[in-house]
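So the structure is just underneath, and the comments pick up after that.
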Amino acid sequence: MFTLFQNDFMPHGFCIKWSWDLLTWYVVSDGFIFLSYSYIGIALILFARKHIGLAWNRLLWLFSFFVLACGITHLMDIVTFWQPIYWLDAILKSVTAVLSFITAIYLAPKIPELLNLHSNDELDDLIYKLLTEKNERRKAELLKENYLEHYFALNNAVVIAETDALGIITYANDNFCMLSGYTEKELLGSTYRIVKSNVHSSSFYRELWDTIQSGKIWRGEICNRHKNGTLYWVSSVIVPVMDAETIPPKPKKYITVRFDITDRKEV
């Protein structure tokens, strides 16, 4: 039974009778090959992580590991001059062989696509297209991050609520719950009648509703009633979100942003 580090063989140095001139030549050559393969493999890995489409990424990853494995076999050639761990050397060479075979198989269907690139301009166009797609995805990610950051800040500063097209509350932030005295569970599924104060006339609400149903933004001050019966005032902006799939477009939901102005109204 062998072990990976079995060393009861003859070191490779004996094969060249420990000729230091020849040994130095071998070691320096294999050393530079190992360093070069390692550099190329790591560079390919870094490139594969940041560029090119998914299909080409897989090929680059295979090439990266194949090149690194080739470098390790040259490193083992240096080691076995002094340490006869040939079983480990053989296994590493087998791994390299498997990686090279898989890479070759994966490369085969890509060759026609590469051959269709008739000029450097076409290759540049392909790389430019792939990099552009990468940049667009990054821009979209940054926009999403900025949106989440802005929404987080806004959500913690003001009262925010959403309703569906029928005016049924589908979202209420914590500030809405604190200002109205109702829990989120009590608000969701209700309409704004739950906080209606009866201070405003029917025509006031009718004008508000007609405005947002027509797709326009409504701005104004509304007096609402807390769960405990007390009144509070809010400066409100109601934004209709239009459904582009309907002709003509109709609101599919409404987003309301409110600021508590009770103290100002009581002065």
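Couple of notes before you dig in:
- Scanning the range 56-75 for residues that are at pLDDT below 70 and not hydroxyl-bearing (Ser, Thr, Tyr) turns up at least one hit.
- In the range 243-257, residue farthest from residue 199 (Cα to Cα) [restricted to those that are of a type in the set (Val, Ile, Thr) and surrounded by 13 or more Cβ atoms within 10 Å (Cβ to Cβ)]: 255
- Inter-residue pairs, beta-carbon under 6 Å, first over 17 Å from residue 62 (Cβ atoms) and in the range 19-47, second among the acidic types (Asp, Glu) and at pLDDT 85 or above, 6+ apart: 30/77
- Restricting 146, 198 to those that are in the same structural domain as residue 223 (by TED's automatic domain parsing) and surrounded by fewer than 12 Cβ atoms within 10 Å (Cβ to Cβ) reduces the list to 198.
- Condition check for residue 89: surrounded by 13 or more Cβ atoms within 10 Å (Cβ to Cβ), acidic (Asp, Glu), modelled with pLDDT under 85 and over 30 Å from residue 137 (Cβ atoms): yes
- Count of the range 226-267 residues which are part of a strand (DSSP E or B) and of a type outside the set (Phe, Trp, Tyr): 20
- Cβ separations smaller than 9 Å between residues 6+ apart or across chains give the following pairs from the range 72-87 residues that are under 19 Å from residue 33 (Cβ atoms) to residues that are crowded, with 19+ Cβ neighbours inside 10 Å and among the polar types (S, T, N, Q): 72/96; 73/96.
- Considering residues of the range 23-38 that are surrounded by 13 or more Cβ atoms within 10 Å (Cβ to Cβ) and more than 12 Å from residue 72 (Cα to Cα) only, the residue nearest to the chain's Cα centre (by Cα): 29
- Flag if residue 52 is outside any loop (DSSP other than H, G, I, E, B), in contact with a helix residue (DSSP H, G or I) (Cβ under 9 Å, 6 or more places away or on another chain) and either modelled with pLDDT under 80 or among the aliphatic types (A, V, I, L, M) (or both): no
- Hits in the range 171-195 (condition: under 38 Å from the mean Cα position of the chain (by Cα) and either assigned to a loop (DSSP other than H, G, I, E, B) or surrounded by fewer than 15 Cβ atoms within 10 Å (Cβ to Cβ) (or both)): 173, 174, 178, 182, 183, 184, 185, 188, 189, 190, 191
- Contact annotation: residue pairs with Cβ atoms under 9 Å, 6 or more positions apart or on different chains, pairing a residue in the range 192-204 that is of a type in the set (D, E, K, R) with a partner that is in a helix (DSSP H, G or I), are 196/205.
- Residue in the range 251-262 that is free of Cβ contacts under 8 Å to residues at least 60 places away in the same chain, assigned by TED's automatic domain parsing to the domain that holds residue 166 and out of contact with any Ser or Thr (no Cβ under 6 Å at 6 or more places or on another chain) present: yes
- Scope the range 208-242; condition of a type in the set (Asp, Glu) and surrounded by 14 or more Cβ atoms within 10 Å (Cβ to Cβ); matching residues: 221
The values are calculated or read from the model by the stated rules, or taken from the named source; none is laboratory data. Because the structure is a prediction, the values reported are computed rather than measured. Please note: Cβ atoms are built from the backbone with ideal geometry, for glycine as well, and neighbour counts cover all protein chains shown.
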